[in-house]
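Derivation of every value follows stated rules applied to the coordinates shown; laboratory data play no part. These numbers come from a predicted model, not from an experiment. Positions of Cβ are backbone-derived with ideal geometry, glycine not excepted, and every protein chain shown enters the neighbour counts.
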């Protein structure tokens, strides 16, 4: 094989690898299977929170949401649900939608099919034990997936959910900057004619007790400014 042929083969391989990486990690990719993102309805916003429950932030966040009569969607880590079932019951009683975010928050594309099923089945089992009803929505940690991830979720009766706005609130950027990012992202989605499916975090994969009060504060500022906005949980888009 000559040098040109070798170079061409390498280029094709690199392009294929790039496509696979994009399909696995891009929140908007549908190559590995359909996921719920957001409809063409610029008037609606879904606030979603990952990595809880977290006793250091979730109760305060629930108070803010109740103050503005807003229901949100929470994607919960099964190990934390097991440790904090009462907080989960309070979330459910307040009318929030609770979804599966795996037991331990791994990077699912690099796990075996058996480990993927273990992560999803374990979380749904512990959530269903607390709630007394099936879990119908799933978000992959980091949004990372491969076909077996989405297939497993669907076999379990769950809709995989991605997003079209993520704000980096796992970093300590402050409530002001976080609020600004939310506002800019919503304005961008509206300019394109889409609803906003916003990812925020009331917990952290490292363990219970993560400081997420900037998220609570930014949420309150955002809700105070948008009291006439239509806030929905993601099941409204199915």
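Laid out as a table, the results:
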| read-out | value |
| --- | --- |
| Inter-centroid distance (Cα atoms) of the range 185-211 relative to the range 108-163, Å | 20 Å |
| Mean ellipticity per residue at 222 nm, deg cm²/dmol - from DSSP H runs of n ≥ 4 across the chain, formula -39500 (n - 2.57) | -14000 deg cm²/dmol |
| Extended-chain gain in nm, criterion 0.36 nm per residue less alpha-carbon gap, residue 128 and residue 228 | 32.6 nm |
| The chain: most fluctuating residue of 144, 57, 66 per GNM, C-alpha cutoff 10 Å | 66 |
| Relative contact order, percent, the chain [alpha-carbon distance under 8 Å, six or more residues apart] | 32 percent |
| Cβ-based exposure ranking for 68, 49, in which fewest neighbours within 10 Å come first | 68, 49 |
| Within the range 36-237, percent of DSSP bridges classed antiparallel, to nearest 5 | 0 percent |
| Residue exposure sequence - 137, 75, 194 - by fewest surrounding Cβ within 10 Å | 194, 137, 75 |
| Residue exposure sequence - 212, 146 - by fewest surrounding Cβ within 10 Å | 146, 212 |
| Contour excess over end-to-end distance, with Cα ends at residue 63 and residue 94 and 0.36 nm allotted per residue | 10.2 nm |
